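Engineer: What follows is a structure written as structure tokens; I'll ask about it next.
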Amino acid sequence: MIIALNNKSNLEKIEFESYIKGLESISTEETIILCPTYLNIGAANSSLKIGSQNVSINENGAYTGEISATQLKSYNVQYAIVGHSERREYQRETNEEINLKIKQLLKNDITPILCIGESLKERESNQVKEVLKEELSIAIKDIKEEDKKKIIVAYEPIWSIGTGIIPTNEQIEEVFAEIKKIVPESKILYGGSANEENIDQLKQIGAIDGYLLGGLSLKLEKLKIFLQKLH
Ligand code: PGA
């Protein structure tokens with residue numbers, strides 16, 4: 001399974017040094033993708049697979065504060081999260097920008113981890129399918145078929161992120177089936193409050209190819225239990 005760890009804006013230099021030692025000491029057969037902050041990517045120097053949490057829509061050039069896909073590649077970054085709901089909300093990231101980011105990543109042979117997910121309001125007003133279809137179809141617009149299948153999709157209901165609440169298995173299965181209609185060959189992750197307790201419920205869902213973990217990525221003892229319980 002793919003286990004992507006989203007550190008978000010956490011872990012300072014010294015903290016990260018001990019964190020990464022702890023993480024590397026966990027023995028597991030899963031594919032662990034660590035997505036630290038940009039600065040900590042530089043400090044990672046690790047045997048783990050590394051992902052970024054974002055990428056520029058542009059190539060190298062006069063774009064102050066941005067990090068390009070080619071720069072990420074030069075630091076051995078193999079994956080990149082794009083379209084996380086926190087960036088959609090706080091940085092006002094649009095589906096069109098996410099599409100440009102995915103194109104930059106694919107051009108540089110970096111695997112995009114595309115986050116999509118509905119808000120509580122959208123779920124309550126029965127708009128889940130529409131919202132996800134729009135997010136997904138714009139994000140993959142004009143991308144070649146052979147490249148589409150390289151994209152990993154992470155279904156992260158916004159109302160689950162950091163709240164301790166997860167959807168029912170039926171709700172997740174329904175959404176995964178919709179995603180499969182658009183990108184049948186993509187791997188699909190679940191993200192949003194997945195932890196060492198609710199994994200017993202989540203693992204009943206056969207369609208899940210892995211997890212995107214936020215809070216749990218920072219709690220190594222609990223992460224270890226989560227990994228042990230996966231199968
Ligand atoms: P969470 O975050 O596991 O803390 O809910 C997941 C994410 O935002 O990717």
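Engineer: Nearest 5 percent is fine: what portion of the DSSP beta bridges confined to the chain is antiparallel?
Structural biologist: Once the DSSP bridges in the chain are tallied, antiparallel ones form about 0 percent.
Engineer: For LYS222, give me every one of the aspartates and glutamates with a C-alpha distance below 14 angstrom, ignoring sequence neighbours fewer than eight places off in its own chain.
Structural biologist: Output for LYS222: GLU196, GLU197, ASP200.
Engineer: Using the Cα atoms as the points, what is the convex hull volume per residue of region 1-60 in Å³?
Structural biologist: Per residue, the Cα convex hull of region 1-60 comes to 95 Å³.
Engineer: On to the next question. Return the Rg/Rh ratio of region 107-231 with Cα-based radii and a Kirkwood Rh.
Structural biologist: 0.97
Engineer: May I ask you to derive the FRET efficiency for LEU120 and THR94 from their Cβ-Cβ distance with R0 = 22 Å, giving the value to the nearest 0.05?
Structural biologist: 0.55
Engineer: Follow-up. First select every other residue whose beta carbon is under 12 angstrom from the beta carbon of ILE67; then total the charges, Lys and Arg +1, Asp and Glu -1.
Structural biologist: The answer is 0.
Engineer: Two decimals is fine: what is log10 I(q)/I(0) at q = 0.15, 0.16, 0.18, 0.22 Å⁻¹ for region 1-126, from a Debye sum with one equal scatterer on every Cα and no solvent?
Structural biologist: -0.73, -0.82, -1.00, -1.33
Engineer: Please list, by residue number, every one of the trypsin sites (Lys or Arg not before Pro) in region 7-101 that is coil in DSSP and has at most 15 other beta-carbon atoms within 10 Å.
Structural biologist: Sparse-neighbourhood loop trypsin sites (Lys or Arg not before Pro): ARG92.
Engineer: Report, in deg cm²/dmol and to the nearest 500, the calculated mean residue ellipticity at 222 nm for the chain, where each DSSP H run with n ≥ 4 adds -39500 (n - 2.57) and the sum is divided by the residue count.
Structural biologist: Result for the chain: -11000 deg cm²/dmol, rounded to the nearest 500.
Engineer: Determine which lysines satisfy two conditions relative to LYS219: a Cα distance under 24 Å, and not lying fewer than 8 residues away in the same chain.
Structural biologist: Cross-link targets: LYS8, LYS13, LYS21, LYS49, LYS203, LYS229.
Engineer: Additional query: What would the Debye equation give as log₁₀ I(q)/I(0) for the chain at q = 0.11, 0.17, 0.18 Å⁻¹, counting only Cα atoms as equal point scatterers?
Structural biologist: For the chain at q = 0.11, 0.17, 0.18 Å⁻¹, log10 I(q)/I(0) is -0.52, -1.31, -1.46.
Engineer: Still on this structure, I have one more. Between the DSSP loop rule and a limit of at most 11 other Cβ atoms within 10 Å, which GluC sites (Glu not before Pro) in region 167-224 are left?
Structural biologist: When the GluC sites (Glu not before Pro) of region 167-224 are filtered for loop state and at most 11 Cβ neighbours within 10 Å, GLU185 remain.
Engineer: Give the total of Lys-Lys pairs in region 108-168 with Cα-Cα distances below 29 Å; include a pair only if its members are 8 or more places apart or on different chains.
Structural biologist: Value for region 108-168: 15.
Engineer: Distance in nm between label sites at LYS203 and ASP147, each 7 Å beyond Cα in the beta-carbon direction?
Structural biologist: Taking the simple label geometry, LYS203 and ASP147 are separated by 3.8 nm.
Engineer: Find out how many positive minus negative residues lie around PRO167, taking Lys and Arg as positive, Asp and Glu as negative, among other residues whose Cβ is under 11 Å from that of PRO167.
Structural biologist: Around PRO167, the charge tally is -4.
Engineer: When the expected Rg is taken as 2.2 N^0.38 Å, what fraction or multiple of it is the alpha-carbon Rg of region 27-81?
Structural biologist: Compactness ratio reported: 1.19.
Every read-out reported here was derived from the displayed coordinates using simple, explicitly stated rules and does not represent laboratory data. On a predicted model such as this, the values are computed, not experimentally measured, just so you know. FYI the Cβ positions are ideal-geometry reconstructions off the backbone, even for glycines, and counts take in every protein chain you see.
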